[in-house]
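First up is the structure itself, then whatever we jot down about it.
Please treat every number below as a calculation from the coordinates, not as lab data. None of these values were measured; they are calculated from a predicted model. Neighbour counts are summed over all protein chains in view; Cβ atoms, including those assigned to glycine, are modelled from backbone coordinates with ideal geometry.
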Amino acid sequence: MNFITLFDHNYLPQGVALYKSLEKYCKPDFKLYVLCMNDLVYEQLLKFELENLVLLRLLDYETPELLEAKKDRTIGEYCWTLSSHTFAFAKRHTPSLKEITYLDTDIFFFDHPEKLIQELDDHNKSVLITEHAFGPGYEHSIANGRFCIQFLTVRYNDESAKVIKKWQDQCTEWCYFRNEEGKFGDQKYLDEWPTLYPDTVYILEQKNNALAPWNVENYLKKNEKPVFYHFHNFRFIESHKARCYHNYKISKKNQWIYREYKKVLQDIFVEMDSLKMVRPFFPRDKQTFQSLRDWKHVYLSKNTLFQTYS
């Protein structure tokens, strides 16, 4: 099985956590391709010596068109721009690839991803996409797109090539963090795929196996684990402190998901410390986050043990 993601050094812990979760369920039959957004994360990942990791250096794949688009986009917007191009980058690196799945870096697996990809086999299609499937209270967010790029499988053939090529061109031309004329980032373009490509694109049916803060309360079944959880808005805000989520309500019965994630991140920080790597974090914006009451926090002490507090 082949997967691809992209990130810079600021998301190194989440990226390694993603790898560890794939390793647990897919080893030895998987490869995780990483489009390294800067040289620092490329060098850091080399030091981890992860057997099933394939590193792609961004500078080896940027075209004049992408470099032009890069000029007026934030790093986040540029990452969104590149997500559509990762399929071509991976195929260029490994021409024999038959299939690959794009993953957001802050995804973490709790079961084998084949359970999701199997739906493509069952319906004989070439592109698998997932809905946001917003739970009650978050339906308004559909204005930013019905579908989430988080888990997107492509089987290389002429039909899927048409879908992805058009998406690449659209994202290269316009990919910003705002709503404008029916567009939003890289994901709003997918709204038209089921209509334009009904014989090629398949929408994942297993909503309970593709969870995130916006739907976990609605779809997570008791005593069951999803195939993956999207740790959207998980941010390290100090070298020893993280925000688990923001603007979502998650009940105590579902907090185990974050505890599982923290255990893996804890081990990754131990390894980073041993390799003398600086722990990445995003300092809080005092104006935006002056009130902490809406946050769920975790604390990573000097001996890397997480403690939860509100």
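Of all beta bridges that DSSP places with both ends in the chain, some 60 percent have antiparallel geometry.
The fraction of all Cα pairs in the stretch 16-81 landing in successive 5 Å bins from 0 to the largest distance is 3, 15, 22, 21, 15, 12, 8, 3, 0, given as whole percents. Taking the structure as given and computing Cα extents along the principal axes in Å, which label from [x] 66, 47, 34; [y] 80, 51, 43; [z] 52, 43, 41 fits? Read-out from the structure maps to [z].
For the stretch 22-159, what is Rg from Cα atoms divided by 2.2 N^0.38 Å, rounded to two decimals?
Numbers: Rg = 16.4 Å, N = 138, 2.2 N^0.38 = 14.3 Å.
Taking N as the residue count of the stretch 22-159, the ratio is 1.15.
The modelled label-to-label distance between residue 251 and residue 179, using points 7 Å beyond Cα along the C-beta direction, is 3.0 nm. Over the chain, what relative contact order in percent results from Cα pairs under 8 Å that are six or more residues apart? Relative contact order, the chain: 18 percent. Of 276, 221, 262, the residue with the greatest mean-square motion in the GNM of the chain, using alpha carbon springs below 10 Å, is 276.
The residues neighbouring residue 53, those whose beta-carbon lies less than 10 Å from its own, together hold a net charge of -2 under the Lys/Arg +1, Asp/Glu -1 convention. Set the bar at 30 Å for Cα to Cα. Now go through 207/263; 188/249; 20/207; 91/183; 24/183; 165/249 and name every pair that lies beyond it. From the list (207/263; 188/249; 20/207; 91/183; 24/183; 165/249), the Cα-Cα distance tops 30 Å for 24/183; 165/249. Each stretch of four or more DSSP H residues adds -39500 (n - 2.57); spread over every residue of the chain, this sum gives -9500 deg cm²/dmol at 222 nm.
Each residue of the stretch 203-209 was assigned a 3J(HN,Hα) from its phi angle through the Karplus expression (A = 6.51, B = -1.76, C = 1.60, θ = phi - 60°), giving 9, 4, 8, 7, 4, 6, 9 Hz with x at Gly and Pro.
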